[in-house]
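Since the structure comes first, as structure tokens, the remarks are kept for the end.
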Amino acid sequence: MLVLCAQTVFAQKFEELVKTPPMGWNSWNQFGCRITEQLVREMADAMVSSGMKDAGYEYIVIDDCWQRSRDSAGNIVADPKTFPSGIKSLADYVHSKGLKFGIYSDGGTMTCAGRPGSSGYEFQDARTYASWGVDYLKYDWCHSEGQSAKASYSLMRDALFKAKRPIVFSMCEWGSNEPWLWAKDVAHLWRTTGDISDCWSCESNWGSSGVMQILDQQVKLRGYSGPGHWNDPDMLEVGNDGLTQVEARAHFGLWCMLNAPLMAGNDLRSMSKEIAQILMNEEVIAINQDELGRQALKWMDYGDLEIWLKPLANGDFALGILNRSDQKISFNKSLQFTTYDTDFKPKSYTYKIDGDFAIRDLWNHKQLGTTKENFKAEIESHDFILLRLSKK
Ligand code: GLA
């Protein structure tokens, strides 16, 4: 009986968090292990001064390499050279800006960069994070040989719950154990793939890949995403060097359609006006943050041309047209259709667009006529036109 009670108390995650996908910044994509407390402070400052905070970004997350060792009592110790004031003081600083604070660990014995992992220290680390004021934990999966992912991630979920501070739990086992099938009650989000690379289309031999390869891996997973439990196709490369301006906005628009967590991965202190406009486009962010939380459907696939559709809470639709080819495409088609959505078993939905929808261009904030006429556009190579269709 006692055992049953303990399971009832601990076997849950904090339920009221991330009803829409989390938004924030993470150090890894741009800085890797080159992180210091000064850098993180400056990023929190820039999150506010750039307007990102007002646009909805709230978590400042330090990825790998903040930790150095454990003390004689087993407590995790921050690197004294790069984080001399300690993590609590950094979390306080981030909170003083009206932002939330996130940290990184690993369910194995070491992190991917070889720092101490949390295996065997789950409850102690969760208590430490809670005492520091941590709001978000990204939990990686390196050096976990012989461990069960489900058991290890559930253990950390229980440890966080027992520590009593609501902490968003972000799983990062790269989709290796099909977390979408079992992690809804374990974590708030789970990575679905290996690491994103800063490129439009590429694959490395160690499992990282570009925006297009990651996109293709999301198509069949849409039925598993929803409020409080999101598929995570990895952090944004918008504003880093590998994508053109057009590709960066397509990447952002697609991630919004996928209900992806919007974790900026660039240097917020020095982003260009164009990149700021992409990351802070409020009409595009609204698609990602729509409370219905239904991940977009790849509705039409013509090879180089794809049409993506995301139903929204108020009955509108977001519709995106992706040009994957190296040439400009002249698009001239009717957007009227009826389609059946059977990916959210056991439910199914019917979506119908007739001639009575107004078309709005979300990148340029312009009305573009109605669905009565064919929709015509010149679509640049690698661009993603993003429209909102609203019943008149
Ligand atoms: C893994 C994760 C990345 C990042 C690095 C840090 O590769 O997938 O997102 O956290 O580890 O070492």
### Summary
The number of residues in segment 226-262 that are in a helix (DSSP H, G or I) and either open to solvent by 10 Å² or more (accessible area, probe 1.4 Å) or at pLDDT below 95 (or both) is 4
### Query
Within segment 327-336, is there a residue that is open to solvent by less than 10 Å² (accessible area, probe 1.4 Å), among the hydrophobic types (A, V, I, L, M, F, W, C) and not in a strand (DSSP E or B)?
yes
#### Entry: Counted residues, segment 134-174 - those being over 12 Å from LYS13 (Cβ atoms), in a loop (DSSP other than H, G, I, E, B) and either modelled with pLDDT under 95 or open to solvent by 10 Å² or more (accessible area, probe 1.4 Å) (or both)
12
### Summary
Exception for ALA183 within (1) open to solvent by less than 10 Å² (accessible area, probe 1.4 Å); (2) away from the ligand (no atom under 16 Å from the Cβ) falls at (2)
### Task
Enumerate the pairs (first residue in segment 346-364 and at pLDDT below 95 and in a strand (DSSP E or B); second residue anywhere and of a type in the set (Ser, Thr, Tyr) and open to solvent by less than 30 Å² (accessible area, probe 1.4 Å)) with beta-carbon separation below 7 Å, excluding pairs fewer than 6 apart on the same chain, so at least 6 apart or on different chains.
none
### Query
In this structure, does GLU178 turn out to be closer than 22 Å to GLY32 by Cβ and either touching a helix residue (DSSP H, G or I) at 6+ places or on another chain (Cβ under 6 Å) or surrounded by fewer than 19 Cβ atoms within 10 Å (Cβ to Cβ) (or both)?
no
### The lone exception for TRP28 - which of (1) within 16 Å of the ligand (Cβ to nearest atom); (2) in contact with a strand residue (DSSP E or B) (Cβ under 6 Å, 6 or more places away or on another chain); (3) open to solvent by 40 Å² or more (accessible area, probe 1.4 Å); (4) not aliphatic (A, V, I, L, M) it fails
(2)
### Message
Please go through segment 31-49 and give me each residue that is in contact with a strand residue (DSSP E or B) (Cβ under 9 Å, 6 or more places away or on another chain) and of a type in the set (Val, Ile, Thr), ordered by number.
### Response
VAL40
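The values are calculated or read from the model by the stated rules, or taken from the named source; none is laboratory data. Just so it is clear, the model here is predicted, and its values are computed rather than measured. Cβ sites come from the backbone with ideal geometry, for glycine too, and all protein chains shown count toward neighbours. Areas reflect the complete protein model, heavy atoms only, side chains present, ligands, DNA and RNA absent. Shrake-Rupley method; radii C 1.70, N 1.55, O 1.52, S 1.80 Å.
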